[in-house]
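Below is one structure; the comments refer to it alone.
The values are calculated or read from the model by the stated rules, or taken from the named source; none is laboratory data. All figures in this text were calculated on a predicted structure; none of them were measured in a lab. Positions of Cβ are generated from backbone atoms using ideal geometry, with glycine treated the same way; all protein chains shown enter the neighbour counts.
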């Protein structure tokens, strides 16, 4: 039985209130586990960074949290993941009540989620471009202040577009139906989130695909070669090359199903409600996956080292080129060439 939690006569139009049946409440509760796990993962990461800073201060070591642009982008990525997952954990309120209703709580949840989702998409795009230019072209942005400006502009656009539309359009955020989100024509949903989701997926594959074959030793480039030219070759693979393809695979694997289901809803195909909950569950695992990927592939960034003074100061004593290659934890392809 899937009885509704709403009282008789309480069910009104979808944009104001959604009554959850027992099965829907259980499904929403299960779907909210994923963002809760991601919130804990990102919170642990930030706590670990703070602990590393405290340890450096206790040992009177020289330390600097951000030395490379990629560290700025990673902080932005994790901040977006925290907001996205944190907003989705607010769905527990609807599970307890058995119904969703418009109001300040609904507006707050939807605003936090949309800002977080768009921040993750924009930052993922920036990281993809940065990594491609760094490894494929052989140069990249080296200025940390400019990296902060890029991130700041992304967040400014993200917050302003959601805030302006919320203030100028009535019922901008409403139940839809299992959580609070955008209640607007498709063009606004595209502008606020979906465009940036698809741009992030497209740019990630476009940039990381040639890097994957470069890492496998199947293609290469010579110094001075235009960025769009390459040659086919056979050499030893670059260590950890698979880590590059993990980032777009994770984002696309978790984001594409949700995007497809939403497309189906926009086209009025009415996909099963269980499918909506499952795709949301997968998408909310992105925070956990990004934290795990960072911990296991990008040690040395954001003060993540083994705690010894030598490793703590390693970044200070390497060349600028080594610094750049250290950002993605992949050695120069020339070192493994025959």
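Are any of the residues in region 239-251 assigned to a loop (DSSP other than H, G, I, E, B), within 23 Å of residue 290 (Cα to Cα) and either without any contact (Cβ under 8 Å) to a residue 60 or more places away in the chain or under 24 Å from the mean Cα position of the chain (by Cα) (or both)? Break it down into steps so the answer makes sense when it comes.
Within region 239-251, the subset assigned to a loop (DSSP other than H, G, I, E, B) is 239-241.
Subsequent filtering for residues that are within 23 Å of residue 290 (Cα to Cα) retains 239-241.
Subset that is either without any contact (Cβ under 8 Å) to a residue 60 or more places away in the chain or under 24 Å from the mean Cα position of the chain (by Cα) (or both): 240-241.
Yes, the conditions are met somewhere in region 239-251.
Residue 209 - would you say it is within 21 Å of the chain's Cα centre (by Cα), at pLDDT below 85 and exposed (fewer than 15 other Cβ atoms within 10 Å of the Cβ)?
Values: within 21 Å of the chain's Cα centre (by Cα): yes; at pLDDT below 85: yes; exposed (fewer than 15 other Cβ atoms within 10 Å of the Cβ): yes.
So residue 209 fits the description; yes.
How about region 214-252: which of its residues are in contact with a strand residue (DSSP E or B) (Cβ under 8 Å, 6 or more places away or on another chain), surrounded by fewer than 16 Cβ atoms within 10 Å (Cβ to Cβ) and at pLDDT 80 or above?
Within region 214-252, 218, 231, 232, 233 meet the criteria.
Mind checking whether some residue in region 187-196 is closer than 30 Å to residue 97 by Cα, surrounded by 15 or more Cβ atoms within 10 Å (Cβ to Cβ), over 19 Å from the mean Cα position of the chain (by Cα) and modelled with pLDDT of 80 or more?
Scanning region 187-196, I find at least one residue that is closer than 30 Å to residue 97 by Cα, surrounded by 15 or more Cβ atoms within 10 Å (Cβ to Cβ), over 19 Å from the mean Cα position of the chain (by Cα) and modelled with pLDDT of 80 or more, so the answer is yes.
Take the residues of region 271-292 that are outside any helix (DSSP H, G or I) and in contact (Cβ under 8 Å) with a residue 12 or more places away in the chain: which is nearest to residue 119 (Cα to Cα)?
284
Regarding region 105-122, can at least one residue be identified that is surrounded by fewer than 21 Cβ atoms within 10 Å (Cβ to Cβ) and on the phi > 0 side of the Ramachandran plot?
No, that holds for no residue.
Given the conditions (1) touching a residue at least 60 places away in the same chain (Cβ under 8 Å); (2) surrounded by 14 or more Cβ atoms within 10 Å (Cβ to Cβ); (3) in a helix (DSSP H, G or I), which single one is not true for residue 181?
(3)
For region 195-209, state whether one or more residues are in a loop (DSSP other than H, G, I, E, B), in contact with a helix residue (DSSP H, G or I) (Cβ under 8 Å, 6 or more places away or on another chain) and in contact (Cβ under 8 Å) with a residue 24 or more places away in the chain.
Our first condition is that a residue be in a loop (DSSP other than H, G, I, E, B); within region 195-209, this holds for none.
Checked against the condition, which is being in a loop (DSSP other than H, G, I, E, B), in contact with a helix residue (DSSP H, G or I) (Cβ under 8 Å, 6 or more places away or on another chain) and in contact (Cβ under 8 Å) with a residue 24 or more places away in the chain, region 195-209 yields no hits at all.
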